[in-house]
Amino acid sequence: MAEPMRIRATMAGDVADVKVLMNHPMETGLRKDAKTGQLVPAHFIQEVTATVNGATVLAADLGTGVSKNPYLGFKVKGPKKGDKVVVNWADNKGDKNTAEAIIG
Amino acid sequence: MNALRRNVLKSAAGAGAVAVAVAAGLLKPTQAMAAWDKDAFEARNVGDAMKGLGISGPADSKDITIKAPDIAENGAVVPVEVTSGIAGTSSIAIIAEKNGTPLVGNFNLSGGTQGFISTRIKMGQTSLVRAVVKAGGKSYTAAKEVKVTIGGCGG
């Protein structure tokens, strides 16, 4: 189910600029299927965590108000080129995904 | 022999009790996973959403900048960037005030993460987009109006 996500991390001065693009339908549970007229069940990412070299830098809770295929950008002060960023997400149905990138 | 039989019976009863608890909704799979803030995210208005996050009466702050379009042509994808210049910013919450469930996301920052979050949100209609920042045990807020011409919540 879980499709790969894209992650990019670049240093800008002493701050690492991390950009993550997750593949996810982010269904609110309020939308109706155009063909069947049935409500599409809610299916959305609830939690996103990011670590740099194993230390948590971001722990986000998301609701249904985040757009489909969520984009997330954040900035971390301290890391160096070559450090590893890992991003995990988990959705309301128990699906999970993880991706990592080396800061460049 | 007899003792083994006891143990087997006990463990069978134990497993049964867990299954019953799951069936009764006492133990939802998501609960076991983490502490997603259900009260805050399912709140139907801004006040309850803030209460769910443990925020009351945040002070208006000019050190919070919200970058979002004045007019969003497509409410399904509204880019929002929040920058907090407040020292010691520990979390940023994004709230679209007139959405059915206003709280969009709550971002906890730690370990050198700057007071900055960039994402894309859904908006059902024209409304204020509010950022609530927690820093040093206090909370601060700022808002920006985004006009929506086509809603993004199923409409």
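What follows is calculated from the coordinates using simple rules that are stated; it is not laboratory data. Just so it is clear, the structure is predicted and the values come from calculations on it, not from any experiment. Neighbour counts run over all protein chains shown; Cβ positions are idealised from the backbone, glycine included.
Miscellaneous remarks
- Among the conditions (1) crowded, with 24+ Cβ neighbours inside 10 Å; (2) more than 16 Å from residue B:146 (Cβ to Cβ), residue B:90 misses just one, which is (1).
- Residue ID - surrounded by the most Cβ atoms within 10 Å (Cβ to Cβ), chosen from residues in region A:54-67 that are within 7 Å of another protein chain (Cβ to nearest Cβ), part of a loop (DSSP other than H, G, I, E, B) and out of contact with any Cys (no Cβ under 9 Å at 6 or more places or on another chain): A:63
- Residue within region B:146-153 that is touching a strand residue (DSSP E or B) at 6+ places or on another chain (Cβ under 7 Å), over 16 Å from residue B:58 (Cβ atoms) and facing chain A (nearest Cβ under 7 Å) present: no
- Taking the criterion of being in contact (Cβ under 8 Å) with a residue 40 or more places away in the chain, within 11 Å of chain B (Cβ to nearest Cβ) and over 26 Å from residue A:82 (Cα atoms), the only residue of region A:3-31 that qualifies is A:26.
- For residue B:125, the conditions (1) away from chain A (no Cβ under 11 Å); (2) touching a residue at least 60 places away in the same chain (Cβ under 8 Å); (3) in a loop (DSSP other than H, G, I, E, B) are fulfilled apart from (2).
- Residues in region B:61-115 that are assigned to a strand (DSSP E or B) and facing chain A (nearest Cβ under 7 Å): 10 in all.
- Here residue A:86 passes the criteria (1) buried (at least 18 other Cβ atoms within 10 Å of the Cβ); (2) among the aliphatic types (A, V, I, L, M); (3) more than 9 Å from chain B (Cβ to nearest Cβ) except the one numbered (1).
- Hey, residue A:55 over 16 Å from the mean Cα position of the chain (by Cα) and under 15 Å from residue B:41 (Cβ atoms) or not: no
- Count - residues of region A:1-20 that are surrounded by fewer than 17 Cβ atoms within 10 Å (Cβ to Cβ) and either among the basic types (Lys, Arg) or within 20 Å of the chain's Cα centre (by Cα) (or both): 9
- Some residue of region A:78-88 being closer than 25 Å to residue B:67 by Cβ and of a type in the set (Lys, Arg): no
- Within region B:68-91, residues that are over 25 Å from residue A:68 (Cα atoms) sit with their Cβ atoms under 7 Å from residues that are part of a loop (DSSP other than H, G, I, E, B) and of a type in the set (Gly, Ala, Ser), at 6+ positions apart or across chains, in these pairs: B:86/B:61; B:88/B:136.
- Counted residues, region B:108-119 - those being surrounded by fewer than 23 Cβ atoms within 10 Å (Cβ to Cβ) and either on the phi < 0 side of the Ramachandran plot or within 13 Å of the chain's Cα centre (by Cα) (or both): 5
- Identity of the residue in region A:89-102, without any contact (Cβ under 8 Å) to a residue 60 or more places away in the chain and surrounded by fewer than 16 Cβ atoms within 10 Å (Cβ to Cβ), that ends up farthest from the other protein chains (Cβ to nearest Cβ): A:98
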